[in-house]
Amino acid sequence: MTMTTCLPRKQIMAALTLALLWIVPLHAAWAADARLSKGQTLYVPVYSHIYSGDRERPVYLAVTVSIRNTDPTHPIHINAVDYYDSAGKQLRRFMEKPITLAPMASTRFVVKESDKSGGSGANFIVSWQSDTPVNPPLTEGVMISTASQLGISFVTRGVPIVAAQP
């Protein structure tokens with residue numbers, strides 16, 4: 001015969017409350033640890049297509065790269081948005097001159113679903129800067145496809161990289 005111990009509901013609630021009292025301040029400390037920056041180069045993984053099934057049937061995707069200025073008081077300058085294929089070849093430069101994003105503003109760059117040139121290892125390189133330290137922008141790749149009653153979508157995040165010096 002085995003014996004199990006059941007904690008009364010009040011003890012369970014007290015334990016959960018105590019856990020939350022530890023987790024919430026810890027989470028707030030992590031959030032407060034956000035690093036301000038005056039600029040970065042970001043690598044954004046995207047997919048012009050992915051593969052499905054045992055026969056690796058391609059599913060073609062539309063790609064949107066969204067750049068959101070998360071700083072509530074300062075603008076940022078987007079200097080370059082470049083699209084690369086799976087082999088690392090630059091396919092397209094999306095901007096001829098820098099653009100400025102106002103505080104809390106966003107912009108987007110789109111690769112059409114019919115553009116299959118990027119492949120499953122496509123990526124964007126985004127370069128931005130600011131005159132003063134700011135919250136780094138949120139940069140995401142959003143991929144989507146809909147065919148008949150099937151729909152697929154997913155999101156990737158840009159990560160800072162060290163850019164090669166010219």
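The values are calculated or read from the model by the stated rules, or taken from the named source; none is laboratory data. Note that the structure is predicted; figures quoted are calculated from it, not measured. Note that we place each Cβ from the backbone using ideal geometry, even for glycine, and neighbour counts take in every protein chain shown.
Observations
- Residue within the stretch 115-132 that is acidic (D, E), more than 18 Å from V159 (Cα to Cα) and modelled with pLDDT of 95 or more present: yes
- In the stretch 125-146, the residues that are in contact (Cβ under 8 Å) with a residue 60 or more places away in the chain and either in contact with a Cys (Cβ under 9 Å, 6 or more places away or on another chain) or more than 21 Å from S37 (Cβ to Cβ) (or both): V142, M143, I144, S145
- Some residue of the stretch 106-114 being assigned to a loop (DSSP other than H, G, I, E, B), at pLDDT 95 or above, out of contact with any Gly (no Cβ under 9 Å at 6 or more places or on another chain) and under 30 Å from Y51 (Cα atoms): yes
- The stretch 49-100: number of residues that are assigned to a strand (DSSP E or B) and closer than 25 Å to F154 by Cα: 25
- In the stretch 95-129, of all residues being among the hydroxyl-bearing types (S, T, Y) and under 16 Å from V81 (Cα atoms), the one that is surrounded by the fewest Cβ atoms within 10 Å (Cβ to Cβ) corresponds to T100.
- Inter-residue pairs, beta-carbon under 9 Å, first crowded, with 22+ Cβ neighbours inside 10 Å and in the stretch 45-67, second among the basic types (K, R), 6+ apart: S48/K116; V63/K112; V65/R108; I67/R108
- Condition broken by K97, with the remaining ones in (1) in contact with a strand residue (DSSP E or B) (Cβ under 8 Å, 6 or more places away or on another chain); (2) at pLDDT 95 or above satisfied: (1)
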